[in-house]
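*Asks:* Structure in structure tokens, see below.
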Amino acid sequence: MEQKKSSTAKLAFQLFATFFKIGACTFGGGYAMIPLIQKETAEKKQWISNDDILDIIAIAESTPGPLAINTATFVGYKTCGFFGALAATFGVVLPSFLIIFVISTVLKRFEQLQAVKYAFYGIRAGVLALILKALWSMYRQCKKSVMAYIIMSFAFVGAAVFDINVLWVIIGCAIMGLVSSEIVRRKSK
């Protein structure tokens, strides 16, 4: 029993350290963190599979709260239960909290400097590249079918063109996925 507690504590600390590193080294929010989370948790540590990453991101995107925190919580829970969820969540949140605390006290003095403005332009470009990489990685891993492309197209048009609330887009996609899966299942019988 003592050894199980020790291994759980060790794994929880590893989750904390991994997500602390991800939180400290990634700028741009949850989407920018996805490639790092996938590389650290699925490829390097092999705590979860690449298929798990897609499922976890889908769930994290569908639940209230920031994507990075939800993803860390789900990975931590899947890996090490409650204490893993707690450690991973705290690990991913702590760097942002510390960085924002420090920046908020200092930025007011330096926000008008041209170098600071240029730095933020560069950070925005880098974040866009990370988001596009996450998109490409998820696209490559998803199963492709005509129905998947139709659902993706409706979701994009609904959110980007008609400015439909993302919650309704996700619910609509889930319903379309369930209906199309049921149709395919019935046809295969």
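The values are calculated or read from the model by the stated rules, or taken from the named source; none is laboratory data. Note that this is a predicted model, so its numbers are computed, not measured. Every residue, glycine as well, gets a Cβ built from its backbone with ideal geometry; the counts of neighbours run over all protein chains shown. The protein model used for the area step is the full one, side chains on, heavy atoms only, and it has no ligands, DNA or RNA in it. Shrake-Rupley method; radii C 1.70, N 1.55, O 1.52, S 1.80 Å.
*Asks:* Condition test on Gly84, is it under 18 Å from Lys10 (Cα atoms) and either open to solvent by less than 10 Å² (accessible area, probe 1.4 Å) or not hydrophobic (A, V, I, L, M, F, W, C) (or both)?
*Replies:* On the way: under 18 Å from Lys10 (Cα atoms): yes; either open to solvent by less than 10 Å² (accessible area, probe 1.4 Å) or not hydrophobic (A, V, I, L, M, F, W, C) (or both): yes.
Here the answer is yes, as Gly84 does meet what is asked.
*Asks:* Quick check on this structure: which one of Val127, Val116 is over 21 Å from Leu67 (Cβ atoms) and either surrounded by 10 or more Cβ atoms within 10 Å (Cβ to Cβ) or in contact (Cβ under 8 Å) with a residue 60 or more places away in the chain (or both)?
*Replies:* Working: Val127 fails: over 21 Å from Leu67 (Cβ atoms).
After applying the criteria, what remains is Val116.
*Asks:* Moving on to the next point. Name every residue in region 87-113 that is in contact (Cβ under 8 Å) with a residue 60 or more places away in the chain and open to solvent by 80 Å² or more (accessible area, probe 1.4 Å), in order of residue number. Before you say what the answer is, go through the steps one by one.
*Replies:* Keep residues of region 87-113 that are in contact (Cβ under 8 Å) with a residue 60 or more places away in the chain, which gives 87-96, 99.
Matches in region 87-113: Phe90 only.
*Asks:* While we're on this one: Could you please find all residues in region 18-36 being crowded, with 17+ Cβ neighbours inside 10 Å and assigned to a helix (DSSP H, G or I)?
*Replies:* Thr18, Phe19, Phe20, Ile22, Gly23, Gly30, Tyr31, Ala32, Met33, Ile34, Pro35, Leu36
*Asks:* Here is a further query. For Leu132, work out the one condition from (1) surrounded by 14 or more Cβ atoms within 10 Å (Cβ to Cβ); (2) closer than 27 Å to Ser49 by Cα it doesn't fulfil.
*Replies:* So Leu132 meets the others, but not (1).
*Asks:* Here's a follow-up. How about region 158-185: which of its residues are free of Cβ contacts under 8 Å to residues at least 12 places away in the same chain and closer than 21 Å to Pro64 by Cβ?
*Replies:* Matches in region 158-185: Ala159, Asp163, Ile164, Asn165, Val166, Leu167, Trp168, Ile171, Ile175.
*Asks:* Let me ask you something else. In region 42-57, what count of residues is obtained for those that are assigned to a loop (DSSP other than H, G, I, E, B) and closer than 17 Å to Cys25 by Cβ?
*Replies:* Keep residues of region 42-57 that are assigned to a loop (DSSP other than H, G, I, E, B), which gives 45-49.
Remaining after also requiring closer than 17 Å to Cys25 by Cβ: 45.
Looking only at that region, the number is 1.
*Asks:* Let me ask you something else. Which of the residues that make up region 142-168 are polar (S, T, N, Q) and closer than 20 Å to Ser180 by Cα?
*Replies:* Within region 142-168, Ser145, Ser153 meet the criteria.
*Asks:* Let me ask another. Here are the criteria: (1) of a type in the set (A, V, I, L, M, F, W, C); (2) out of contact with any Pro (no Cβ under 6 Å at 6 or more places or on another chain); (3) farther than 25 Å from Ile171 by Cβ; (4) part of a helix (DSSP H, G or I). Tell me which single one Phe74 does not satisfy.
*Replies:* Failing condition for Phe74: (3).
*Asks:* In a helix (DSSP H, G or I), open to solvent by 40 Å² or more (accessible area, probe 1.4 Å) and either at pLDDT 85 or above or under 15 Å from Ala134 (Cβ atoms) (or both): does that describe Lys39? Break it down into steps so the answer makes sense when it comes.
*Replies:* Working: in a helix (DSSP H, G or I): yes; open to solvent by 40 Å² or more (accessible area, probe 1.4 Å): yes; either at pLDDT 85 or above or under 15 Å from Ala134 (Cβ atoms) (or both): yes.
When the stated conditions are applied, Lys39 passes them.
*Asks:* Continuing with this model, one more query. Going by the structure shown, is Val179 at pLDDT below 85 and either more than 24 Å from Gly30 (Cβ to Cβ) or among the basic types (Lys, Arg) (or both)?
*Replies:* Taking the combined requirement at face value, the residue does not satisfy it.
*Asks:* A further question on this structure: Please find, within region 58-71, the residue that is surrounded by the fewest Cβ atoms within 10 Å (Cβ to Cβ) out of those that are assigned to a helix (DSSP H, G or I) and in contact with a Gly (Cβ under 9 Å, 6 or more places away or on another chain).
*Replies:* Result: Glu61.
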